[in-house]
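In what follows, a single structure is set out as structure tokens and then discussed.
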Amino acid sequence: MNMAAAGVPANRFMTIAEVAQALRVSRMTVYRLVNSHAIHAVRFGRSYRVPESAVESYIEHSAVDEAEQNPSKAAGNP
């Protein structure tokens, strides 16, 4: 059966440990992100799987702009 034809996206799923390693945070932090719906995850039995695209989306939306990091430079102050 072709999963794409069945409407299932062709996406790689990552374990909580793999996400934690990729983001360089603890597993507990990833669980918190999943439980707060900051990162989308799918639950299989007692374990979670996180689509790679959800991790990429989280990183894109969490990126900090330089102006946000240093408001004095954004205001024109040296």
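So, in the stretch 34-66, exactly how many residues are assigned to a helix (DSSP H, G or I) and under 14 Å from A17 (Cβ atoms)?
Going residue by residue through the stretch 34-66, those that are assigned to a helix (DSSP H, G or I) are 34-35, 52-62, 66.
The next check asks that each one be under 14 Å from A17 (Cβ atoms); those that pass are 34, 55.
Result for the stretch 34-66: 2.
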request  = Only residues in the stretch 14-42 that are touching a residue at least 40 places away in the same chain (Cβ under 8 Å) count as the first member; pair them with residues that are in a helix (DSSP H, G or I) and crowded, with 18+ Cβ neighbours inside 10 Å, Cβ under 9 angstrom, at least 6 apart or cross-chain, and list the lot.
outcome  = M14/A54; M14/V55
inquiry  = Quick check on my filter: what residues within the stretch 3-26 are modelled with pLDDT of 95 or more and in a loop (DSSP other than H, G, I, E, B)?
reply    = T15, R24, V25, S26
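The values are calculated or read from the model by the stated rules, or taken from the named source; none is laboratory data. Worth saying up front: this structure is predicted, and the values here are computed from it rather than measured. Reconstructed Cβ throughout: ideal geometry from the backbone, glycine too, with neighbour counts over all protein chains shown.
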